[in-house]
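Trainee: Okay, here's the structure, questions in a sec.
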Amino acid sequence: MERRRPNDLHKLDVYRCSLQLYRRVRRIVAQFPRGESDFRSQMTRASRSVSFNIGEGVGKRGKARVAADEVALGEDTELIVALDCVEIDELAPIQEVIEAQDLAFRIAAMLTKLISATEVTLQSKTVNRGP
């Protein structure tokens, strides 16, 4: 049972999806054979970083928010590549890899929209202030 969380962060779909992705990645890397500890660690850190940076961005405004969301997007994209490698190396069942990657693509789309919306807001504030 999931506990109730009354704050804005937990209301964000992109944040909830990032936590789902983290859970999926942890299940995937738990299946890796010996000798893949570096890869396991890299994927775990990247998936954790997506959530951390989304959370950090929620507490910021303007350019700082864009920067945090861009880092989250970069980590998410790294996971998409890592999941391609998992598939190629046959380290986990293909269906689990596909589901995790679909979720990572969804997160990337949401972060891209958030970044664009924040940049548009910043540009309009700059234009409205004038020279």
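The values are calculated or read from the model by the stated rules, or taken from the named source; none is laboratory data. The structure presented is a predicted model; accordingly, all values stated were derived computationally and were not measured. Please note: Cβ atoms are built from the backbone with ideal geometry, for glycine as well, and neighbour counts cover all protein chains shown. Surface accessibility is based on the protein's heavy atoms, side chains included, excluding ligands, DNA and RNA. Shrake-Rupley method; radii C 1.70, N 1.55, O 1.52, S 1.80 Å.
Trainee: Output the residues belonging to the stretch 87-103 that are under 11 Å from residue 25 (Cα atoms) and among the hydrophobic types (A, V, I, L, M, F, W, C). So that I can check it myself, show each step before the final result.
Mentor: Our first condition is that a residue be under 11 Å from residue 25 (Cα atoms); within the stretch 87-103, this holds for 92, 96-97, 99-101, 103.
Answer for the stretch 87-103, where residues must be under 11 Å from residue 25 (Cα atoms) and among the hydrophobic types (A, V, I, L, M, F, W, C): 92, 97, 100, 103.
Trainee: Here's a check for you: in the stretch 103-122, which residue that is over 25 Å from residue 23 (Cβ atoms) and aliphatic (A, V, I, L, M) is nearest to the chain's Cα centre (by Cα)? Quick ask: steps written out before the conclusion?
Mentor: Taking the stretch 103-122 as the starting set, the residues that turn out to be over 25 Å from residue 23 (Cβ atoms) are 116-122.
Adding the requirement that they be aliphatic (A, V, I, L, M) leaves 117, 120, 122.
Numbers: 117: 18, 120: 22, 122: 23 Å.
That would be 117.
Trainee: Go through the stretch 45-57 and report how many residues are open to solvent by 70 Å² or more (accessible area, probe 1.4 Å) and under 9 Å from the mean Cα position of the chain (by Cα).
Mentor: 2
Trainee: Sticking with this structure for a sec: Of all the residues that make up the stretch 88-100, how many are assigned to a helix (DSSP H, G or I) and open to solvent by 20 Å² or more (accessible area, probe 1.4 Å)? Working first, answer last.
Mentor: Within the stretch 88-100, the subset assigned to a helix (DSSP H, G or I) is 88-89, 94-100.
With open to solvent by 20 Å² or more (accessible area, probe 1.4 Å) added as a condition, the list becomes 88-89, 94-96, 98-99.
Of the residues in the stretch 88-100, 7 are assigned to a helix (DSSP H, G or I) and open to solvent by 20 Å² or more (accessible area, probe 1.4 Å).
Trainee: For the stretch 58-82, enumerate the residues that are β-branched (Val, Ile, Thr), open to solvent by 50 Å² or more (accessible area, probe 1.4 Å) and touching a residue at least 24 places away in the same chain (Cβ under 8 Å).
Mentor: First, the residues of the stretch 58-82 that are β-branched (Val, Ile, Thr): 58, 66, 71, 77, 80-81.
Now drop any that are not open to solvent by 50 Å² or more (accessible area, probe 1.4 Å), which leaves 71, 77, 81.
The one that is β-branched (Val, Ile, Thr), open to solvent by 50 Å² or more (accessible area, probe 1.4 Å) and touching a residue at least 24 places away in the same chain (Cβ under 8 Å): 77.
Trainee: For residue 105, work out the one condition from (1) open to solvent by 70 Å² or more (accessible area, probe 1.4 Å); (2) assigned to a helix (DSSP H, G or I); (3) at pLDDT 95 or above; (4) over 25 Å from residue 10 (Cα atoms) it doesn't fulfil.
Mentor: (4)
Trainee: Could you list, in sequence order, all residues of the stretch 28-44 that are loosely packed, with under 13 Cβ neighbours inside 10 Å and in a helix (DSSP H, G or I)?
Mentor: Of the stretch 28-44, the ones loosely packed, with under 13 Cβ neighbours inside 10 Å are 30, 33-35, 37-38, 41.
37, 38, 41 - these are the residues of the stretch 28-44 that are loosely packed, with under 13 Cβ neighbours inside 10 Å and in a helix (DSSP H, G or I).
Trainee: OK, next. With respect to the numbered conditions (1) over 10 Å from the mean Cα position of the chain (by Cα); (2) crowded, with 19+ Cβ neighbours inside 10 Å; (3) in contact (Cβ under 8 Å) with a residue 24 or more places away in the chain, which one is the sole condition not fulfilled by residue 85?
Mentor: Exception for residue 85: condition (2).
Trainee: Would you be able to say whether some residue in the stretch 45-65 is at pLDDT below 95 and acidic (Asp, Glu)? Working first, answer last.
Mentor: So in the stretch 45-65, the residues at pLDDT below 95 come out as 55-65.
Keeping just the survivors that are acidic (Asp, Glu) gives 56.
Scanning the stretch 45-65 turns up at least one residue that is at pLDDT below 95 and acidic (Asp, Glu).
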